[in-house]
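See structure below.
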Amino acid sequence: MIFRTQRITIIRTARPHQRSVNDELRWFGESLGLFSERDKDSSLYRLFVELIKSSRHGQALTSDELAFHLKLSRGTVVHHLNKLLESGIVLADGNRYALRVQNLEILVDELRRDIRRTMENLKSIAKQLDEELGL
């Protein structure tokens, strides 16, 4: 049995007043709990954008390729990739990384399904626990 942990964080934030693509992408990622104040150089945001660009071309990239494109250390890239992998937004195929799906709309649908499955599982376990506890 393979046990996979997935951490999905949803943060309700106000959509930006300005309607630039960068502002909207940053808001999108913040709403998924990806970016924080600790990311001073926006390296995770830049990595996220680079993965979006590569998905447009149907490419998966290595951590070395991502580090080169973004002018970041490989360690920084791997650290951020792990966060994206944990959230279920990025998948690894060997040493190559790509967005889980080909566009952001489908990504939201996939995350919604992940959340729904998790909630159904929790409900089932809660029912069992209620019965065992006589609630």
Going through region 86-97 one residue at a time, which ones are surrounded by 16 or more Cβ atoms within 10 Å (Cβ to Cβ) and touching a strand residue (DSSP E or B) at 6+ places or on another chain (Cβ under 8 Å)? I89, V90, Y97
Looking only at residues in region 1-57 that are of a type in the set (G, A, S) and assigned to a loop (DSSP other than H, G, I, E, B), which one is nearest to E86 (Cα to Cα)? G33
Of L66, L81, L72, which residue is under 15 Å from the mean Cα position of the chain (by Cα), among the aliphatic types (A, V, I, L, M) and either modelled with pLDDT of 90 or more or part of a loop (DSSP other than H, G, I, E, B) (or both)? L81
Among R74, R56, R100, which is the only one that is crowded, with 17+ Cβ neighbours inside 10 Å, more than 22 Å from R12 (Cα to Cα), out of contact with any Phe, Trp or Tyr (no Cβ under 6 Å at 6 or more places or on another chain) and of a type outside the set (G, A, S)? R100
The condition from (1) free of Cβ contacts under 8 Å to residues at least 60 places away in the same chain; (2) surrounded by fewer than 16 Cβ atoms within 10 Å (Cβ to Cβ) that D114 misses is numbered (1)
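The values are calculated or read from the model by the stated rules, or taken from the named source; none is laboratory data. What you see is a predicted model; the values in this text were computed from it and never measured. We place every Cβ from the backbone using ideal geometry, glycine too, and count neighbours over all the protein chains shown.
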